[in-house]
Amino acid sequence: MQNEIENITFSRFVNQAIPFEFITINELYARCKKNKYDLSIPHRIEFHALIIIFEGESKHFIDFKEETLSPGVILPLTKGQVHAFNRELSVKGCVISFEERFITQNTNDKNLFHFLHIYHTPSLLIGKKNLESLTPFLELLEKLHKDDNVNLKSEIVNSAFLTLLFQIKRLSIDQYKAFESKKFNDFIKFKQLITAYYHDTHNTKDYALKLSISYKYLNDICKEISGKTAKSFLDSWLLLEMKRNLSENKYTSQEIAFKMGFNEPSNFIRFFKKFMGITPIQFQDKLKKQTTVRD
């Protein structure tokens, strides 16, 4: 196991005119082998990605959970997540990677709603029989990705990628619970505010004020969309971010405590142990043992 988890930026292996890449999983493994980079070591990504599986079976480690990869499984990966591939290549598929701004700066509110809806879902299953219906969109994206003509390339790729996402959402619609757009947008804004201000406040009423909505409304939409109260949702997000920070092995518990907005390290340790049943140091030791087993 490495002492530190690497934060992978989009430009770490990619040199593209636009912040978007289409690559097969086989090509990804070959590239990383050439660069002596081990995909099976957990790493934290600083961009978004979409993994689509065509053939084979494998496991994918994402935010301290294992996802099963099989034909028709689609994983939306979001910026900040810790994940890892299996050491051995046993699946065929593709990985689409892009910087967040590629979507947010070039997409109208209606399409952005659909994008966020998909990326609010940990994994999608369209079934092996429906993979063929994605082929035209994937072939177009692959062709556009390789096209040296940069004139309007960003706009065309953006439109083609969103069309692919719409088709994926259409094929996996049974997995979705329909949310009223304003409620979902307000929930997403709450998540974004947590990311921006968790260092400053852990009080959900402060977030309701920032959103100019009532605390009751915030609580109601959180219950409807996440199945948790606003406080429980905030706590679960904080806990996940703590686990990500601990897994990086870059900071002391005191540094993480202050980074996470706790005035005293003891409060951070108490919070972590309340939900995990173990201390932050014990959690790090457990991760090391799990990684040793994976290796």
Name the pairs: first residue in segment 126-143 and among the aliphatic types (A, V, I, L, M), second residue open to solvent by 80 Å² or more (accessible area, probe 1.4 Å), Cβ to Cβ under 8 Å, at least 6 apart or on different chains? none
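What tally of residues in segment 50-74 results from selecting those that are touching a strand residue (DSSP E or B) at 6+ places or on another chain (Cβ under 7 Å), part of a strand (DSSP E or B) and not hydrophobic (A, V, I, L, M, F, W, C)? Before you say what the answer is, go through the steps one by one.
Going through segment 50-74, the residues touching a strand residue (DSSP E or B) at 6+ places or on another chain (Cβ under 7 Å) turn out to be 50-63, 66-74.
This time we only want the ones that are part of a strand (DSSP E or B), so: 50-56, 58-62, 66-69, 73-74.
Those still in the list that are not hydrophobic (A, V, I, L, M, F, W, C) too: 55-56, 58-60, 66-68.
Total satisfying the criteria: 8.
Would you say Ile225 is surrounded by 17 or more Cβ atoms within 10 Å (Cβ to Cβ), touching a Lys or Arg at 6+ places or on another chain (Cβ under 6 Å) and under 19 Å from Lys191 (Cβ atoms)? Can you show your working first?
Values: surrounded by 17 or more Cβ atoms within 10 Å (Cβ to Cβ): yes; touching a Lys or Arg at 6+ places or on another chain (Cβ under 6 Å): no; under 19 Å from Lys191 (Cβ atoms): yes.
So Ile225 does not fit the description; no.
Among the helices (runs of 4 or more DSSP H) confined wholly to segment 169-273, which include 2 or more residues that are under 19 Å from Asp285 (Cα atoms) and in contact (Cβ under 8 Å) with a residue 12 or more places away in the chain?
On the way: elements: 181-197, 204-211, 215-226, 230-248, 253-259.
Those helices (runs of 4 or more DSSP H) span 230-248, 253-259.
Name the residue, out of Phe137, Phe184, that is open to solvent by less than 70 Å² (accessible area, probe 1.4 Å) and at pLDDT 95 or above.
On the way: Phe184 fails: at pLDDT 95 or above.
The match here is Phe137.
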Among all residue pairs at least 6 apart or on different chains, which show Cβ distances below 6 Å where the first residue, located in segment 19-32, is within 16 Å of Lys146 (Cα to Cα) and the second is in a helix (DSSP H, G or I)? Pro19/Phe10; Pro19/Phe102; Phe20/Phe102; Phe20/Val157; Phe22/Leu141; Phe22/Glu142; Phe22/His145
Could you check segment 75-134 and list, in sequence order, the residues that are within 29 Å of Glu224 (Cβ to Cβ), aliphatic (A, V, I, L, M) and in a helix (DSSP H, G or I)? Ile103, Leu112, Leu116, Ile118
Ile278 passes all but one of the listed conditions (1) open to solvent by 30 Å² or more (accessible area, probe 1.4 Å); (2) farther than 30 Å from Glu180 by Cβ; (3) touching a residue at least 60 places away in the same chain (Cβ under 8 Å); (4) not small (Gly, Ala, Ser); the exception is number (3)
Exactly one of these conditions fails for Asn26: (1) part of a loop (DSSP other than H, G, I, E, B); (2) surrounded by fewer than 16 Cβ atoms within 10 Å (Cβ to Cβ). Give me its number. (1)
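For the structure I just gave you, tell me whether Glu248 is in contact with a Phe, Trp or Tyr (Cβ under 8 Å, 6 or more places away or on another chain) and surrounded by 15 or more Cβ atoms within 10 Å (Cβ to Cβ). First the steps, then the outcome.
Numbers: in contact with a Phe, Trp or Tyr (Cβ under 8 Å, 6 or more places away or on another chain): no; surrounded by 15 or more Cβ atoms within 10 Å (Cβ to Cβ): yes.
So Glu248 fails the test.
Within segment 112-143, can you find the residues that are among the β-branched types (Val, Ile, Thr) and within 28 Å of Phe187 (Cβ to Cβ)?
Filtering segment 112-143 down to residues among the β-branched types (Val, Ile, Thr) leaves 118, 121, 126, 135.
Result: Ile118, Thr121, Ile126.
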Could you tell me whether Lys288 is touching a residue at least 60 places away in the same chain (Cβ under 8 Å) and either surrounded by 15 or more Cβ atoms within 10 Å (Cβ to Cβ) or out of contact with any strand residue (DSSP E or B) (no Cβ under 9 Å at 6 or more places or on another chain) (or both)? yes
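Just the residues that are within 27 Å of Ile62 (Cα to Cα) and either in contact with a helix residue (DSSP H, G or I) (Cβ under 6 Å, 6 or more places away or on another chain) or among the β-branched types (Val, Ile, Thr) (or both), please, taken from segment 205-227. Before you say what the answer is, go through the steps one by one.
The first filter runs over segment 205-227 and keeps only residues within 27 Å of Ile62 (Cα to Cα), leaving 221-227.
Result: Ile221, Cys222, Ile225, Ser226.
Okay, residues lined up against (1) out of contact with any Cys (no Cβ under 9 Å at 6 or more places or on another chain); (2) at pLDDT 90 or above; (3) more than 20 Å from Glu241 (Cα to Cα); (4) open to solvent by less than 70 Å² (accessible area, probe 1.4 Å):
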residue: Glu57; (1), (2), (3), (4): yes, yes, yes, no
residue: Lys79; (1), (2), (3), (4): yes, yes, no, no
residue: Val82; (1), (2), (3), (4): yes, yes, no, yes
residue: Val91; (1), (2), (3), (4): yes, yes, yes, yes
residue: Ile96; (1), (2), (3), (4): yes, yes, yes, yes
residue: Asn108; (1), (2), (3), (4): yes, no, yes, no
Within segment 144-164, the residues that are open to solvent by 50 Å² or more (accessible area, probe 1.4 Å) and free of Cβ contacts under 8 Å to residues at least 24 places away in the same chain are Lys146, Asp147, Asp148, Asn149, Asn151, Leu152, Ile156, Ser159
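The values are calculated or read from the model by the stated rules, or taken from the named source; none is laboratory data. What you see is a predicted model; the values in this text were computed from it and never measured. Note that each Cβ is placed from the backbone with ideal geometry, even for glycine, and that neighbours are counted across all protein chains shown. All accessible areas refer to the heavy atoms of the entire protein, side chains included, with ligands and DNA or RNA removed. Shrake-Rupley method; radii C 1.70, N 1.55, O 1.52, S 1.80 Å.
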